[in-house]
1. When B:S35 is evaluated against the numbered criteria (1) touching a Phe, Trp or Tyr at 6+ places or on another chain (Cβ under 7 Å); (2) away from chain C (no Cβ under 14 Å), which criterion, by number, is the only one it fails?
2. Any residue at all in the stretch B:187-198 that's touching a residue at least 12 places away in the same chain (Cβ under 8 Å), over 22 Å from B:L123 (Cβ atoms) and among the hydroxyl-bearing types (S, T, Y)?
3. Cβ-Cβ below 7 Å, separation at least six or inter-chain, first residue in the stretch B:135-150 and free of Cβ contacts under 8 Å to residues at least 24 places away in the same chain and within 12 Å of chain A (Cβ to nearest Cβ), second acidic (D, E) and in a loop (DSSP other than H, G, I, E, B): which pairs?
4. Those residues that are under 19 Å from C:V192 (Cβ atoms) and surrounded by fewer than 20 Cβ atoms within 10 Å (Cβ to Cβ), I need them from the stretch C:112-142; list them, please.
5. Here are B:E63, B:E41: which of them is away from every other protein chain (no Cβ under 14 Å) and either farther than 23 Å from A:Q205 by Cβ or of a type in the set (K, R) (or both)?
6. Does the stretch B:63-73 contain at least one residue that is under 30 Å from A:C221 (Cβ atoms) and out of contact with any Ser or Thr (no Cβ under 9 Å at 6 or more places or on another chain)?
7. Could you please let me know if C:L102 is away from chain B (no Cβ under 14 Å), within 23 Å of C:P180 (Cβ to Cβ) and surrounded by 14 or more Cβ atoms within 10 Å (Cβ to Cβ)?
8. So in the stretch B:224-242, with the set limited to residues that are hydrophobic (A, V, I, L, M, F, W, C) and surrounded by fewer than 18 Cβ atoms within 10 Å (Cβ to Cβ), which one is farthest from the other protein chains (Cβ to nearest Cβ)?
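The values are calculated or read from the model by the stated rules, or taken from the named source; none is laboratory data. Everything numeric in this text was worked out from a predicted model, so none of it was measured. Because the Cβ atoms are built from the backbone with ideal geometry, glycine has one as well, and the counts that use them run over all protein chains shown.
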Amino acid sequence: MTQQSSTQTWRQWLTTDTPRSRRQARLASAYHGWLTLRSNTLAMVGLAILLALLLIAAFAPFLAPHDPLSQDLGARLLPLWTDGHPLGTDSLGRDILSRLIYGSRITLYIVTLVALIAPIAGLLVGTIAGYTGGIVDAVLMRITDIFLAFPRLVLALAFVAALGAGIENAVLAISLTAWPPYARIARAETLTIRRSDFISAVQLQGAGPLRIITRHIWPLCISSLIVRVTLDMAGVILAAAGLGFLGLGAQPPSPEWGAMISEGRKFILDFWWVAAMPGLAIFTVSLAFNLLGDGLRDVLDPKSGSS
Amino acid sequence: MSRLEINDLSVWFGQDRDRVDAVKHASFAVPSGASFGLVGESGSGKSTILRALVGLVPTWSGEMKIDGQQLTKKRPRGFFKDVQMVFQDPYASLHPRHTVDQVLGETLNLHGFSDINDRIEQLLQDVGLGPAFRFRYPHQLSGGQRQRVAIARALAPEPSVLLLDEPTSALDVSVQAEVLNLLADLRETRALTYLMVSHNLAVVAHMCNEIAVMQAGEIVEVMGVEDMRAMTPQHPYTRHLLESSQGYRPSEEQSE
Amino acid sequence: MEKLLDIENLRVTFPTRQGEFEAVRGVSFNLGQERLGIVGESGSGKSMTGRAILRLIRPPGRVTADRLELGGRDLMAMSERDMQRVRGEQISMVMQDPKFSLNPVMHVGEQIIEIYRFHTGASKRDAYAKAIEMLQAVSINNPERVMRAYPHEMSGGMGQRIMIAMMLVTEPKILIADEPTSALDVSVQTQVLSIIDRLVRKRGMGLIFISHDLNLVASFCDRVLIMYAGRIVETCAADKLHEATHPYTRGLLNSLPRLDNPKSRLQALKRDPNWTLAPSVDGRV
């Protein structure tokens, strides 16, 4: 296989209908998805915002004009566009912009952990229940129902109360409340997939349940889960912010966005920006996740037709 | 000895009040190297017999024998090295996210072959697909090409019996001709035994020496292909099927 | 013979990443009070042609034609609102699978009545009587009971008969039937076809019968258009289909296994790239 370096032939190599190696087949299919996603402007806006968030979090020490924790009681509650404090300062004189920048790390941390724990737990429970059926299905799904029956934030509150306040526990609590919908989706998908001919065909090759679930059912469930995760991320950020707001998530002086709103609440009538700026940040990131999720649905959802 | 023998086979779905008897007391035998056809309309139970044979339907009674060996409820692994199946709809029988290479590679791997690379290339060649098709996804293949991949998958463990469930009904007639020719060639070169299900009498007559006609779960008649071509069936239902397959006849207007 | 439909240079194009894709490429034909068959393989553009006549191609697909006239009225120039009146009132369409064409949560009767009243503005009582009459016309023995049934309670053959009743209740001039019997068993197929046949004859309608089944079209229609890659490659009288001359049509006929003519090998169709390039044959008479 010879590869020319000019961009024209790279594109041909990626869009070919006759891939010549495993790697090319995989890359070509990914490239095809990227082209579909790229044609969705709003999704690209969402993706750009999230990439920006990622960069901001990575380079926080270089971007932030001040230490997010250093207090200056002489410069409390400065308004927007003050020299040196473009977004003003909070009640302890800390620079809000710097706190937002550092807070993006916490937000990403929460989002990543939840995005890893909840869908994977849901996928496991859902596919096992859906494929095995019978008593296993009944037991797993009733457990799922019990979790679903509680309002999310109330359940998370209960968990945090039991585990103790803190970011890790907040993440754990949110994940524990977030997995049941994923289990539901995964089970529903599994029920339709397991009756299909291609599953019968691997059964006829003597494949066992473990192999069928991991190699044949998961790849088809994962795409709809990814879509659901991106759409849920907004809710996760808000739940984390909610816990922070109630003082059960990140603890002061940590610059978590929800906790920042909670602190700003006391001055909201006279110094609105102290609460509004972190609110705006939460809003922007949640919106970005939703936009991206909508775009990904077009790319990944097998039901909307693959070609 | 018959390669494949079925005695008094009944297959049902559901229980008690919801029970549906899909196959009722079916019996037939397929000699080694023969090609046996099952015809009937939808719901006649013809596909259900195939699915029961390979163990996809667990609720059955009666006898099923391969090479004189009685089949039990559970199929041993070696069974699938001997008996394989091609499904009706090539659009549904291939995993949408697996390349041809993955499909065949996994099958060969499951059957414990080691020279997988060479075998994949050989299989693709045997079913008339070049190596260019190896890394394609199903959506990059036409219906006929997909069905060839499905046939290659069924051939991978080198079975001696192939169960064909309407292998061409989802395909265009010109593609159907190619696939039927391929199946005929494979039977000759590999000395395969076929059990073929179809609703198309012309296709079954083309492929099979002996044909069982099914109606509502029962085999109403087993006839040789010559009798079918001569349009001399014993059972009125077979006659009705044969006449309907000849195209539209205004004279039948008074039916009902 | 009165010309019901006159089509010249009909094209359907879809934009794709690789440029424009033409699904129907310059097709011309007309339709009188006859049974016109359109045969071809999947992807030949036969279904697209049927849908394009009703302007049912969804964007980004585009329909263009030099002429698309229904009894002298230009369909291309019509507003979408007028087009809705044409669909069902002048031209009706029966699809392959009745399961997808009937509303699953409405009684069968309500659906027929709704269509009839939408197009004629008749009273409920008249519409009910008309619906019963139509169901009887499609050989349904107990129309009152069927009127109260839901679509899922009907078998495939019944569903398709109901569809035909629904499509013909407004007494359209043209019926487009797109593979109306491919989802049905052969014995039911004959019944459904004879119903279509009888109604079309009795009412002096024009029928466009789209199918992949050469034998069926040859025995059922008066005239046949054979389509390949979006064009008409040949046109002939239906009973002369087995004497067709175009290599594509011959290839299709030879690739069919036949009960009365056993062959050890079927002839595979060798496709000539020139078939795609050659201009469309004019299907007007």
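1. The number of the failed condition is (2).
2. The answer is yes, given that some residue of the stretch B:187-198 is touching a residue at least 12 places away in the same chain (Cβ under 8 Å), over 22 Å from B:L123 (Cβ atoms) and among the hydroxyl-bearing types (S, T, Y).
3. Going by the 7 Å Cβ cut-off, the qualifying pairs are B:Q140/A:D17.
4. C:E133, C:Q136, C:A137, C:S139, C:N141, C:N142 - these are the residues of the stretch C:112-142 that are under 19 Å from C:V192 (Cβ atoms) and surrounded by fewer than 20 Cβ atoms within 10 Å (Cβ to Cβ).
5. B:E63
6. Within the stretch B:63-73, the first condition is being under 30 Å from A:C221 (Cβ atoms), and the residues that meet it are B:73.
Now drop any that are not out of contact with any Ser or Thr (no Cβ under 9 Å at 6 or more places or on another chain), which leaves B:73.
Checking the stretch B:63-73: at least one residue is under 30 Å from A:C221 (Cβ atoms) and out of contact with any Ser or Thr (no Cβ under 9 Å at 6 or more places or on another chain).
7. Details: away from chain B (no Cβ under 14 Å): yes; within 23 Å of C:P180 (Cβ to Cβ): yes; surrounded by 14 or more Cβ atoms within 10 Å (Cβ to Cβ): yes.
Yes, satisfied.
8. B:A230
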